[in-house]
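To start, the structure itself, in structure tokens.
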Amino acid sequence: MWTDKQRGLRVSQEELLCKNACGYYGNPAWKGFCSKCWRERSRPPGSQRQETRPSSDEAPPTFSKFEEKKNIEKGRRISTVRKLFWGSASPPKPQETSESHTKMLKAYENLEPGDFTGFLKILRSPSSQRLQSRCIAFLNTMEAYHDLPIQKQSDLVQEFYQSFAEYFRSFSEAQVTQIMEHVEKLIMTRLHKWVFCHDSCDDEQKDLALQRRIRSLNWVTPQMLGVPFPENTPVTGDPFMPAITAIIEMDAKRAPQDKLACVSKCSQHIFEALSTSNNEPANADDFLTSLVYVVLKANPPRLHSNMQYMIRFGLPHSLMAGESGYYFTNLSCAVAFIEKLDGSALNLSPEEFEGYMRGQRAPAALTKRHQVANDTQKLLEELQGRQQKLHQGVDALTMELQKWVQVVHSQLDEATSQFDKVQKEITAQAEASQVMSSLAQDGSQEKEKEQQPVLLPNDNCQAPKQTAC
């Protein structure tokens, strides 16, 4: 059984969590820390402050915990953001009345989950004029300062998320999360062209390097990774094909949450494929190795840039907690595994690994699949030859049919002309017979007129004889 094989990639649940034991998921891009701890460690020493963190046995923090970051970072960055928003270091006083504010909150509270169109309608309403103005001002500011370093723009976006969420501090966690997801989609769909794969970073070079690395590992088979893959699977019947398609679609999305949804969709397809390939439930090792296989087969476009885009501009809770955070953390681990992949991870000797990398060797399973692919290619070429002959026969038959149609048309035209001649002759004969009949009738009438005077004298002669008798 494939479950008895040794795997080169084993990651426990504890290894996926933040090194700072804060309860969030860590990430290789943050050296194993979550985004919150990483930002704390990356700040200058003078701006660091003590913060009480939950213990590892407490429940993972939710979105409301991110509001603490607002109180911790009231230094230079928050002052800069406020100046960009309002022109001064302090926000203007709200102009709306308590009644309109309550009406606005009620509208957002009744918003259906996932109703982005409804969110836009509420945001454009008069009661949400202040929030709409803040969004417009922030977008205009970001577009005007799009030449700023990408990390600075990331900080500005994250600060905006925090300041915007303060309006809904009275809402439940689920409602705040739902509203902030709409805000993220609205903001980042507009800013995507300015901040994705920014000129101030080396994302494009890393994308090319990662694509070359994945392309050089196209010989890796599911059996080498320990992925449950049926032996009799046809060439076109890869059970992970839906997952491969989902991860490729990620590059076409603009909002970080939409890209993250593609990662979640890919992961769910992987679990479905694992459940059909084996009777026992899939574990974390099976999922991670399968995700590595999917990434190797898909070679998603601009994978590094897309992941960095989600890290920099996505909502923190989406990447640090929950199902989506777990999937994204595993994707980051899969990419890190691919970048450092060597022979020991695949149970290969260094000589065997180098032979595969140089194309001097080919796995037996891969050779068998290549043989099947070659046989299929030959069959397709034979079918194409037959199809070409069939097309030639169809073309010849079409030409013969066109010639026959032309002959029929010419014969029909000739028959039509002969019919017209015959019809004219018949008409002429009919007219001639009619003239002859009219002449004959006139001649008989003249004969009757000639015979009538001869009969009158005979009557007069006989009359005296009858009288005499």
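The values are calculated or read from the model by the stated rules, or taken from the named source; none is laboratory data. These numbers were taken from a predicted model, which means no experiment stands behind them. Here the Cβ is made from the backbone with ideal geometry for all residues, glycine too, and neighbour counts use every protein chain on show. Only protein heavy atoms, including side chains, enter the accessible area calculation; ligands, DNA and RNA are left aside. Shrake-Rupley method; radii C 1.70, N 1.55, O 1.52, S 1.80 Å.
Measuring between their Cα centroids, region 382-417 and region 160-203 lie 66 Å from each other. Calculate, for residue 391 and residue 414, the FRET efficiency according to 1/(1 + (r/R0)^6) with r their C-beta to C-beta distance and R0 35 Å; round to the nearest 0.05. With a Förster radius of 35 Å, E is 0.50. Which FRET efficiency, nearest 0.05, do residue 271 and residue 358 yield, Cβ-Cβ r, R0 35 Å? Plugging the Cβ-Cβ distance into 1/(1 + (r/R0)^6) gives 0.50. Heavy-atom accessible area, probed at 1.4 angstrom with all protein chains present, ranks 414, 352 as 414, 352, highest first.
Placing dummy labels 7 Å off each Cα toward the beta-carbon, the span from residue 192 to residue 422 is 7.6 nm. Of the GluC sites (Glu not before Pro) in region 159-263, which ones lie in a loop per DSSP and count no more than 10 other C-beta atoms within 10 Å? The qualifying sites are 231. Taking 27 Å as the limit for the C-alpha separation, the pairs 253/297; 259/297; 121/265; 103/253; 185/265; 103/265 exceed it in the case of 121/265; 103/253; 103/265.
Can you give me the % of accessible surface on region 103-230 that is carbon or sulfur? Probe 1.4 Å, all protein chains present, nothing else counted. Carbon and sulfur: 53 percent of the exposed surface of region 103-230. Legend: residues 154, 133, sorted from most to least accessible area (1.4 Å probe; ligands, DNA and RNA excluded), read 133, 154. Calculate what fraction, in whole %, of the accessible area of region 309-413 sits on carbon and sulfur atoms when a 1.4 Å probe is rolled over the protein chains. The value for region 309-413 is 56 percent carbon and sulfur by accessible area. Segment residue 374..residue 432, full-extension length gain: 12.3 nm, with 0.36 nm per residue of separation and the alpha-carbon distance subtracted.
The heavy atoms of residue 103 present about 140 square angstrom of accessible area, all protein chains included, probe 1.4 Å. Where a ≥ b ≥ c are the square roots of the eigenvalues of the C-alpha gyration tensor, would you call region 145-237 rounded, which needs a/c under 1.5, or, failing that, prolate if a/b is larger than b/c, or oblate? It comes out oblate by the Cα gyration axes. Heavy atoms of the protein chains alone define the surface here; on that basis region 96-208 has 49 Å² accessible area per residue at 1.4 Å probe size.
Residue 224 exposes around 30 Å² of accessible area when a 1.4 Å probe is run over every protein chain in place. For a paramagnetic label modelled on residue 173 (point 7 Å from Cα along Cα→Cβ), amide N atoms under 18 Å away are absent within region 99-117.
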